[in-house]
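The values are calculated or read from the model by the stated rules, or taken from the named source; none is laboratory data. What you see is a predicted model; the values in this text were computed from it and never measured. Virtual Cβ from ideal backbone geometry, glycine too; neighbours counted across all protein chains shown. The area values use the complete protein model at the heavy-atom level, side chains included, leaving out ligands, DNA and RNA. Shrake-Rupley method; radii C 1.70, N 1.55, O 1.52, S 1.80 Å.
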Amino acid sequence: MTFTSGDEAILYNVIFTRFLAAFYPYAVKEETTATFADQEYTFKAKESVLVELGWRELYGEVIQEASLKYTELNDVGEYSLIQKETKPPRRYTEGTLLDDMENAAKFLNEAADKKMMKSVEGIGTVATRAAIIEKLVERGFIEKKKNQIISTPLGRELIEMMPEDFSLYSVKLTAFFETMLSQVEHGELKEETFYEELEGLVKRTSEEIRGNVKPLSAASNPGKETIALCPKCKKPIYENSKAYSCSGYKEGCKVSVWKNGLEKLGKKTVTKTEANRLLLGKEVNVNLKTKQGKAYKAKVVFNLDKNWIEFANK
C-alpha cells in the first residue's frame, strides 16, 4: 500500500508502530534510590534507567547506563547546606477564588465526599458566590488590592480564634447540607428532616464559638497587625521600629522581642514570623555567624522571664 501524501504516511507509521508495540515484550526500568543523613537532615536522590528495551526499541530508545547505584558518598565531594524559603502561593484574585468555590471538591480527600461536592457544584451558586465575597469585604474580613484579595488582620484573627476542626470550616459539611437542600428541592427529603439537621448544626457551632470566642484586638486596632498574643497578659503584640512589644505596657507588661536581639550573634533583624514563633514558645532555627565570620545554625527560644532571646540548649 503506497501513500503519496506525507501526512498520510506519517499517520500510517504512527498507527502501525503502535500496533506492533502491543505485541512486543515489556520494557524494563531499573530504579535506584540513595539516601544519606547529615545531622537532622536526610537527603535522597533517585535514578531511573532503561535496562531492557522491549517495545521501546520501536521508538529508537537505547539501553541506559546507571550511575547512581555505583556512586559512593565519598564521590560527592564537598557540599554545604543552604537554608532557603519557598515562595507562598499566589494571592487569590476574585476570579481564582470564585473558581475554587465552584471546584471545592478538590480540597476533599475521600472519593465519596468529592462526588458529593461535585454534584452540588461547589460552595454557593453562580448567583451567590460573588455576593459571599462582597459580604466578606463589607464586614472587613478581606480587602481588594490591585485585583488581589487579601485577608485583613481582623479576618485572620477571627479564623485563628477557632480550632482547626471548627464545624463551619468543613468543606465536607458544606457539601452535606448542599446535598440535603438539593434532595428537598427534588422531593427526596422532607423539609422537617433538613431543619432538624440544621438545628443540630446551629447548636453545635454555637457551643464551639462560646468555648473559643475571645475579644477581637484587630477590631479596636484596625490599622495594626497583631504579631501574636502576649504569653503573659494575652494582649496583642504589635510591631514598632525597634521591637515586637506587648500593647499592655501601660498596665506594666514589659514583654518585647527586640529586633536586634541576635545582632551580636550575626543576625541583623528578627523577622515577624520568627517573633511570632518565639512568642508562642517555639524553637526557631536561625542563621548566625561567629566573630570570625563563620556561618552556623542554631535553635533559639524566647526567655519570658528575662525578656531576651537565648540558645534553646542553654
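A few notes on this one:
- Qualifying residue in segment 148-158 (condition: in a helix (DSSP H, G or I), farther than 19 Å from Lys214 by Cα and open to solvent by 60 Å² or more (accessible area, probe 1.4 Å)): no
- The set of residues in segment 17-34 being open to solvent by 90 Å² or more (accessible area, probe 1.4 Å) and either of a type in the set (Ser, Thr, Tyr) or part of a helix (DSSP H, G or I) (or both) consists of Arg18, Phe19, Tyr24, Tyr26.
Here is a yes/no grid of residues against (1) more than 29 Å from Pro88 (Cα to Cα); (2) among the aromatic types (Phe, Trp, Tyr):
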{"residue": "Ile123", "(1), (2)": "no, no"}
{"residue": "Ile142", "(1), (2)": "no, no"}
{"residue": "Gln148", "(1), (2)": "no, no"}
{"residue": "Glu157", "(1), (2)": "no, no"}
{"residue": "Phe177", "(1), (2)": "yes, yes"}
{"residue": "Gln183", "(1), (2)": "yes, no"}
{"residue": "His186", "(1), (2)": "yes, no"}
{"residue": "Tyr195", "(1), (2)": "yes, yes"}
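- Exactly one residue out of Lys214, Lys234, Lys224 is basic (Lys, Arg), in contact with a strand residue (DSSP E or B) (Cβ under 8 Å, 6 or more places away or on another chain) and either at pLDDT below 90 or closer than 30 Å to Lys306 by Cβ (or both): that is Lys224.
- Segment 70-105, subset among the acidic types (Asp, Glu) and open to solvent by 70 Å² or more (accessible area, probe 1.4 Å), residue modelled with the highest pLDDT: Asp99
- Index of the failed condition, Gly252 passing every other in (1) under 30 Å from Lys272 (Cβ atoms); (2) in contact (Cβ under 8 Å) with a residue 12 or more places away in the chain: (2)
- Residue check for Thr17: under 30 Å from Lys145 (Cβ atoms) and among the polar types (S, T, N, Q): no
- Top-ranked residue of segment 268-301 - restricted to ones that are of a type in the set (Gly, Ala, Ser) and outside any loop (DSSP other than H, G, I, E, B), ranked as surrounded by the fewest Cβ atoms within 10 Å (Cβ to Cβ): Ala295
- Filtered residues of segment 260-314 (kept if free of Cβ contacts under 8 Å to residues at least 24 places away in the same chain, closer than 22 Å to Tyr238 by Cβ and among the hydrophobic types (A, V, I, L, M, F, W, C)): Val284, Val301
- Residue satisfying condition, being in contact (Cβ under 8 Å) with a residue 24 or more places away in the chain, more than 30 Å from Gln83 (Cα to Cα) and not polar (S, T, N, Q), within set Tyr24, Tyr12, Tyr41: Tyr24
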